Amino acid sequence: MTNYVLDTFALFAYFQGEKSGVPVRQLLENCPTTGDLISVSLISAGELYYILKRKQGLIPAEQSWNDLHRLPVMLKLATEARILAAARIKADYALSYADAFCVALAQELASQVVTGDPEFKTVESIVPVMWL
């Protein structure tokens with residue numbers, strides 16, 4: 001069993017049917033059999049929503065939000081402890097605040113971050129990354 005945390009890049013690739021979304025789809029399809037746990041920070045989910053709304057409009061953003069809730073993922077709140085952990089990561093590494101939440105969640109859950117976002121190269125020393 002492996003734990004994974006999907007970042008916004010991975011979510012976007014999956015929902016847009018991009019080539020880099022194929023491994024994400026495979027993780028999601030196989031997790032009931034493998035017992036792998038897949039988590040998503042609600043901060044990342046919100047980032048996906050606003051990007052889709054800005055670029056494609058309300059309907060694709062709403063559809064992806066609703067579809068995300070049907071996937072075999074655990075949506076994780078931004079708890080006070082996670083907010084502080086993300087703030088510490090953001091202060092020490094060159095990555096976005098939303099990505100810092102993804103890293104904090106991955107550390108907390110002993111998970112691999114699933115991404116293709118090159119910003120995560122800066123944190124490979126503190127969290128394992130599965131590159132798309």
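Here, each number is a calculation from the coordinates, and none is a lab measurement. Here the structure is a predicted model, which is why all the values come from computation and not from measurement. Backbone-built Cβ (ideal geometry, glycine too); neighbour counts: all protein chains shown.
A few remarks follow.
To keep it simple, each residue is scored yes or no on (1) among the β-branched types (Val, Ile, Thr); (2) within 27 Å of Met1 (Cβ to Cβ); (3) touching a strand residue (DSSP E or B) at 6+ places or on another chain (Cβ under 7 Å); (4) part of a helix (DSSP H, G or I).
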| residue | (1), (2), (3), (4) |
| --- | --- |
| Gly17 | no, no, no, no |
| Asn66 | no, no, no, yes |
| Ile89 | yes, yes, no, yes |
| Phe101 | no, yes, yes, yes |
| Leu105 | no, yes, yes, yes |
| Phe120 | no, yes, yes, yes |
| Met130 | no, yes, yes, no |
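- Output for region 84-103, where each listed residue is of a type in the set (A, V, I, L, M, F, W, C) and in contact (Cβ under 8 Å) with a residue 60 or more places away in the chain: Ala98, Phe101, Cys102
- Note on region 63-82: among residues that are more than 20 Å from Leu37 (Cβ to Cβ) and in contact with a Phe, Trp or Tyr (Cβ under 8 Å, 6 or more places away or on another chain), the one that is surrounded by the most Cβ atoms within 10 Å (Cβ to Cβ) is Ser64.
Let's see how each residue does on (1) crowded, with 19+ Cβ neighbours inside 10 Å; (2) in contact (Cβ under 8 Å) with a residue 60 or more places away in the chain; (3) touching a helix residue (DSSP H, G or I) at 6+ places or on another chain (Cβ under 8 Å); (4) farther than 21 Å from Leu77 by Cβ:
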| site | (1), (2), (3), (4) |
| --- | --- |
| Leu105 | yes, yes, yes, no |
| Ala110 | no, yes, no, no |
| Phe120 | yes, yes, yes, yes |
| Glu124 | no, no, no, yes |
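- Region 1-15 - residue that is part of a helix (DSSP H, G or I) and touching a residue at least 24 places away in the same chain (Cβ under 8 Å) and, of those, farthest from Phe120 (Cα to Cα): Phe15
- Note on region 19-47: residues that are surrounded by fewer than 18 Cβ atoms within 10 Å (Cβ to Cβ) and either assigned to a loop (DSSP other than H, G, I, E, B) or of a type in the set (S, T, N, Q) (or both) total 7.
- Residues of region 51-61 classified as in contact with a Phe, Trp or Tyr (Cβ under 8 Å, 6 or more places away or on another chain) and farther than 19 Å from Phe9 by Cβ, total: 0
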